[in-house]
Amino acid sequence: MSEISVKVLATVNAPYGTTLSAEQLASKISDPASADQFDPSAFSFFSEVEEGLQNSFLDEMHIDPAIASGMARKFSVLAGYTLPLARAA
């Protein structure tokens, strides 16, 4: 596992006592159902992981930045404040 994935997963998994893999998290942050289901792991990625690290993880996991930005916008609406990636493309 890369250093990027280790850092992201430590941030996302620790607060919720989860053990998501990088692939599982990648699936959650690119699936619109995650916002509909208020997925805490996906929200944690968009709200607690530093923006530069988010972008590195997206690149590493081959996630389209436009999809991630759309997901961040959905979570922003739910949270009531703008998340960093919601401002992107």
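Every read-out reported here was derived from the displayed coordinates using simple, explicitly stated rules and does not represent laboratory data. On a predicted model such as this, the values are computed, not experimentally measured, just so you know. Here Cβ is always computed from backbone atoms with ideal geometry, including for glycine, and neighbour counts include all displayed protein chains.
Things worth noting here:
- Any hit, segment 51-71, residues being buried (at least 18 other Cβ atoms within 10 Å of the Cβ) and of a type in the set (D, E, K, R): no
- Among the helices (runs of 4 or more DSSP H) confined to the chain, there are none with at least 3 residues that are touching a residue at least 40 places away in the same chain (Cβ under 8 Å), touching a strand residue (DSSP E or B) at 6+ places or on another chain (Cβ under 6 Å) and of a type in the set (Gly, Ala, Ser).
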